[in-house]
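Heads up: the structure comes next, in structure tokens.
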Amino acid sequence: MARKISRRALATYVADQLLEGVALEPITQQIAAYLVESHRIKELDLLVRDIQTILAERGHVFGEVVSAYELSEATKKSIQEFTKQATGASDVRLEAVVDPAVLGGVKLRLPGKEYDATIARSLTTLRTRYKKA
């Protein structure tokens, strides 16, 4: 049986390997094998979040931009610049996701932060305010 390694130590190991330029596939295979062997598969989402947080602390932010429609390159670049300013990161990589449920606007998900400027969020906020009135 594998020795139990803390999730934080695993996340630090993966972040170090990624920043050293080691290919992603062998790292993921190692971590997956360890998680299976130690019966810790349920921790995978938390581990990924920890890795993203450590990378963000070191100036490498990975995030997700959700919009109702495909974003133009100019909009993507603008969101990337906003993210650099908001986080102080030197390297920002954003994955664009199209979700018609947001109706319009964008939602930016970053490690530990979320900026939601979607129409769906605005409608929910209005609906909640009028229920209270």
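The values are calculated or read from the model by the stated rules, or taken from the named source; none is laboratory data. Everything quoted here is computed from the prediction, not taken from an experiment. Every residue, glycine among them, receives a Cβ derived from its backbone with ideal geometry; neighbour counts consider all protein chains shown.
What number of residues in segment 104-133 are in a strand (DSSP E or B) and among the aromatic types (Phe, Trp, Tyr)?
First, the residues of segment 104-133 that are in a strand (DSSP E or B): 105-110, 113-118.
Subsequent filtering for residues that are among the aromatic types (Phe, Trp, Tyr) retains 115.
So the count comes out to 1.
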Residues 52, 80, 85: which one is assigned by TED's automatic domain parsing to the domain that holds residue 13, out of contact with any Lys or Arg (no Cβ under 7 Å at 6 or more places or on another chain) and not aliphatic (A, V, I, L, M)?
52
Would you tally the residues in segment 66-80 being closer than 15 Å to residue 115 by Cβ and among the hydroxyl-bearing types (Ser, Thr, Tyr)?
3
Options 96, 32; residue that is not acidic (Asp, Glu) and not assigned by TED's automatic domain parsing to the domain that holds residue 14
96
Regarding residue 120, is this residue within 30 Å of residue 13 (Cβ to Cβ) and in contact (Cβ under 8 Å) with a residue 12 or more places away in the chain?
no
Within segment 50-70, is even one residue β-branched (Val, Ile, Thr), under 30 Å from residue 104 (Cα atoms) and in contact with a Pro (Cβ under 8 Å, 6 or more places away or on another chain)?
yes
Looking at segment 102-124, which of its residues are surrounded by 13 or more Cβ atoms within 10 Å (Cβ to Cβ), farther than 27 Å from residue 51 by Cβ and among the hydrophobic types (A, V, I, L, M, F, W, C)?
103, 120
Scope segment 14-45; condition aromatic (Phe, Trp, Tyr) and modelled with pLDDT of 95 or more; matching residues:
none
Can we say residue 109 is out of contact with any helix residue (DSSP H, G or I) (no Cβ under 8 Å at 6 or more places or on another chain) and touching a residue at least 40 places away in the same chain (Cβ under 8 Å)?
yes
